[in-house]
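The values are calculated or read from the model by the stated rules, or taken from the named source; none is laboratory data. Since the structure is predicted, the reported quantities are computational estimates derived from the model, not experimental observations. No Cβ is skipped: glycine too gets one built from the backbone with ideal geometry, and neighbour counts run over all protein chains shown. Surface accessibility is based on the protein's heavy atoms, side chains included, excluding ligands, DNA and RNA. Shrake-Rupley method; radii C 1.70, N 1.55, O 1.52, S 1.80 Å.
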Amino acid sequence: MATQLSFDELGTPLHEVTFVVLDLETTGGRPAHDRITEIGAVKVRGGQLLGEFSTLVNPGRPIPPQVASLTGITDAMVADAPELATVLPAFLEFAAGDVLVAHNARFDLGFLRAACSAHGYARPDHRVLCTVRLARHVLSRRDAPSCKLSALATLFGARTPEHRALHDARATVDVLHALLERVGSLGVHSIDELVAFQARVSPQQRRKRSLAAHLPAAPGVYLFRGPNDEVLYIGTASNLRNRVQQYFTGSETRSRMREMVTLATSVAHVECATALEAEVREQRLLAAHRPSYNRRAKNPHRSWWIALTSESFPRLSVVRRERPGALGPFGSRRSAARTAATLTAAVGLRSCTQRIAVRSPDGSPCAEFDLGRCGAPCAGKQDAADYAPAARAITELVTGSGAEPLRATEREIARLSAAHHFERAAQLRDELAALVRAVDRAHRMSALARITEMVAAAPDGAGGWEFAVIRYGRLAAAGTARRGTAPMPIVEALTAAAETVLPGDGPLRGAAPDEVAALLRWLDRPGTRLVRATEGWAEPAVAAGPWREWLELAAEASTLERTPRTMEGADR
């Protein structure tokens with residue numbers, strides 16, 4: 001027998017819901033590698049137009065010809081367009097608190113989430129509707145053999161999509177309204193029912209919405225707990241109540257999450273002053289609890305480092321713990337090993353692991369010696385004095401006082417190109433780019449971690465400020481000053497009550513790499529200001545810093561060499 005829902009469970013009627021219908025144009029189909037070139041969005045409620053958002057975006061790289069021919073967006077059109085760092089906060093404000101709608105939402109939301117992550121914004125926690133999925137649930141195969149936007153627009157007599165963001169967003173609005181007319185006859189009248197209908201959520205799962213009733217509409221961290229009070233899953237949200245409710249209405253479509261929700265018996269929370277504090281607390285809680293349904297909890301704070309061994313003829317070794325003079329952190333052993341191999345080849349370090357006697361080496365030269373990549377100290381063909389400059393070049397690169405390994409690799413790329421070994425030259429260019437990124441990231445992170453105390457402020461979007469007290473690369477305190485509130489008394493109070501941090505050894509002074517990276521992303525956000533710091537915040541003037549322009553050129557060349565993946569998939 002069907003169970004009648006309570007008034008609270010019915011949710012907001014669809015005619016009172018504000019939808020922001022989004023469409024993005026990009027340089028390709030991979031959010032982690034490609035970039036947004038245009039954003040179009042239409043805000044509607046009850047069938048009425050409330051506003052539109054439209055802008056081209058300079059992707060900072062050439063648009064592949066195949067993509068330009070599909071969208072009509074050329075390099076010349078985006079040359080004077082604002083960059084995403086400028087556009088993104090304006091769009092997030094435009095869409096704040098509303099239900100996001102997209103045709104093939106996984107594509108658009110994938111790029112939006114990647115953009116937020118890259119620019120230091122919290123992961124969007126809007127409710128999301130996908131008109132592709134709705135169409136597949138509402139329409140029969142005979143009525144709609146294809147769920148492409150162009151096919152549905154023809155079926156419903158909607159505006160014709162043109163592969164331009166605003167035009168396609170308008171067409172998606174028409175499709176959405178046509179689908180909403182049809183779901184009413186299926187008993188769907190509220191936004192909760194619509195999201196559940198889209199995801200085919202069971203009534204039992206919907207009834208667990210009461211677990212979120214006590215949560216505040218504030219930023220923070222939530223913890224799903226199981227029958228034995230064990231922590232099943234940890235996440236963050238800018239609005240705890242709305243985000244957790246989504247788990248019970250079907251916005252979360254991952255099978256693991258549905259399984260987790262079935263097991264959950266309660267939801268705990270830690271309210272935070274800012275999204276940054278929530279992100280940091282989530283990282284620390286993941287390390288403490290290692291919940292089974294968080295993939296990141298399997299190896300929290302896991303990182304790898306590259307360090308010179310302590311011997312007369314040092315070599316590069318990949319290690320798990322940071323130490324003074326180490327380069328890192330790296331997210332995987334594989335990426336650390338690749339970088340170590342690039343550095344080894346650049347300066348002529350030995351790659352063998354054998355111990356070499358200084359006075360009477362008794363080894364035999366290997367193939368690396370025959371290829372001119374190693375001086376064979378193992379066989380006595382290179383003494384410690386001749387070997388020392390290679391190790392010194394690594395030390396100088398790590399400390400930021402030299403860049404010889406980078407220059408040596410660039411010279412080798414030029415030599416290979418002159419000899420028409422273009423494939424190997426391109427491969428080495430990509431290896432050098434990975435090395436430059438690793439060194440640049442290491443210098444930026446260590447520069448922040450060495451500061452005893454820094455206080456920074458970022459606009460909160462409502463005329464107020466968000467504050468962070470950072471000590472040795474850790475968030476020691478966070479708070480806010482609303483519009484019209486004097487900020488400095490709050491800064492003084494936060495500083496006085498901030499966590500005491502004792503620095504450790506190594507480049508990051510013992511701070512967790514993920515936490516340092518999160519703080520850097522927040523500090524890089526547009527409008528963030530430095531209130532004060534005990535030491536100057538500075539990065540090395542040599543080493544990787546001057547190579548950033550070269551890095552952009554290398555990324556453009558690598559992009560042009562790849563065969564772009566078309567954005568015109570089955571559902572676009």
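Quick one: pull the percent of accessible area on region 308-419 belonging to carbon and sulfur, 1.4 Å probe, ligands and nucleic acids left out. Don't skip to the answer; put the middle values down first.
Details: 2910 of 6090 Å².
Here carbon and sulfur together make up 48 percent of the probe-accessible area.
With no solvent and one equal point scatterer placed on each C-alpha of region 239-355, evaluate the Debye formula and give log10 I(q)/I(0) for q = 0.16 Å⁻¹, two decimals.
-0.85
Can you list residues from other chains, or at least 5 along the same chain, whose modelled amide H is less than 5 Å from the amide H of Leu50?
Excluding prolines and chain starts, which carry no amide H, the hits are Lys43, Val44, Arg45.
Using a 1.4 angstrom probe on the protein heavy atoms only, line up Arg256, Arg355 by accessible area, largest first.
Values: Arg256 75, Arg355 185 Å².
Descending accessible area places them as Arg355, Arg256.
Could you give the spread of the C-alpha atoms of region 181-244 along their three principal axes, from largest to smallest, in whole angstroms?
41, 26, 17
Compute the signed sum of charges (Lys and Arg +1, Asp and Glu -1) over the other residues within less than 13 Å, Cβ to Cβ, of Thr309. All intermediate terms of the calculation are to be shown ahead of the outcome.
Numbers: positive: Arg315, Arg323, Arg350, Arg355; negative: Glu311.
Residues close to Thr309 contribute a combined charge of +3.
Sum up the charges of everything whose Cβ sits under 9 Å from the Cβ of Gly40, counting Lys and Arg as +1 and Asp and Glu as -1, but leave Gly40 out.
Working: positive: Arg164, Arg170; negative: Asp23, Glu25, Glu38, Glu52, Asp168.
Once positives and negatives cancel, what remains is -3.
Of [x] 194; [y] 172; [z] 316, which one was derived for volume of the Cα convex hull per residue in Å³ from the structure shown?
Checking each listed value against the structure points to [x].
Rank Glu230, Glu492 by accessible area, highest first, at a 1.4 Å probe radius? Present the calculation step by step, with values, prior to reporting the outcome.
On the way: Glu230 70, Glu492 90 Å².
From most accessible down to least: Glu492, Glu230.
Want the number for Asp524 to Ser146: 0.36 nm per residue separation, take away the alpha-carbon distance, what's left? Walk me through the numbers on the way to the answer.
On the way: separation 378, 0.36 × 378 = 136.08 nm, distance 4.33 nm.
Gain in length upon complete extension: 131.8 nm.
How much accessible surface does His167 have with a 1.4 Å probe, in Å² rounded to 10?
80
Using only DSSP helix segments of four residues or longer, with each worth -39500 (n - 2.57), what per-residue ellipticity at 222 nm results for the chain after dividing by its residue count and rounding to 500?
Working: 21 runs with 235 residues, N = 572.
So the calculated ellipticity at 222 nm is -12500 deg cm²/dmol.
Given a 1.4 Å probe, how much area per residue of the chain is accessible, in Å²?
On a per-residue basis, the chain sits at 48 Å².
Largest first, how would Glu277, Glu16 line up by accessible area (1.4 Å probe)? Before the final figure, lay out each step's value.
Details: Glu277 25, Glu16 105 Å².
Of Glu277, Glu16, the descending order of accessible area is Glu16, Glu277.
Using a 1.4 Å probe on the protein chains only, how many percent of the accessible area of region 70-225 belongs to carbon and sulfur? Show your work: numbers first, answer last.
Numbers: 3450 of 6690 Å².
Result for region 70-225: 52 percent of the exposed heavy-atom area is carbon or sulfur.
When all protein chains stay in place, what accessible area (Å², nearest 10, 1.4 Å probe) is found for Arg207?
Near enough 100 Å² of accessible area.
How many nm is it between the label spots at Ser335 and Thr262, if each spot is 7 Å from the Cα in line with the beta carbon?
About 3.5 nm, to one decimal.
Once R0 is set to 60 Å, what does the formula 1/(1 + (r/R0)^6) return for the Cβ-Cβ distance between Leu186 and Glu83, expressed as a FRET efficiency to the nearest 0.05? Please report the intermediate quantities before stating the final value.
On the way: r = 44 Å, r/R0 = 0.73.
Efficiency, from the Cβ-Cβ distance: 0.85.
Just grab the label-to-label distance for Arg321 and Val542, each label 7 Å out from Cα along the Cβ direction, in nm (one decimal).
Placing both labels 7 Å along Cα→Cβ, they lie 3.2 nm apart.
Given the whole protein assembly as supplied and a 1.4 Å probe, what does the accessible area of Arg474 come to in Å², nearest 10?
Spelled out: Arg474, probe radius 1.4 Å, area about 40 Å².
In region 426-572, what percent of the accessible surface is made up of carbon and sulfur (1.4 Å probe, ligands and nucleic acids excluded)?
Working: 3530 of 6880 Å².
Whole-percent figure for carbon plus sulfur exposure: 51.
If I take every Cα pair under 8 Å that is 6 or more residues apart in region 109-171, average their sequence separation and divide by the length, what percent do I get for the relative contact order? Please report the intermediate quantities before stating the final value.
Details: 35 pairs, mean separation 9.8, N = 63.
About 16 percent, as a whole number.
Could the peptides 152-158, 58-64 be put in order, highest first, of the mean number of other beta-carbon atoms found within 10 Å of their residues? Can you show the working numbers first?
Details: 152-158: 17.6, 58-64: 19.3.
The most tightly packed comes first, giving 58-64, 152-158.
In what sequence, highest mean first, do 339-348, 305-314 appear when ranked by Cβ atoms within 10 angstrom? Display every interim value, and only then the final one.
Numbers: 339-348: 21.0, 305-314: 18.3.
Going by the mean number of other Cβ atoms within 10 Å, highest first, we get 339-348, 305-314.
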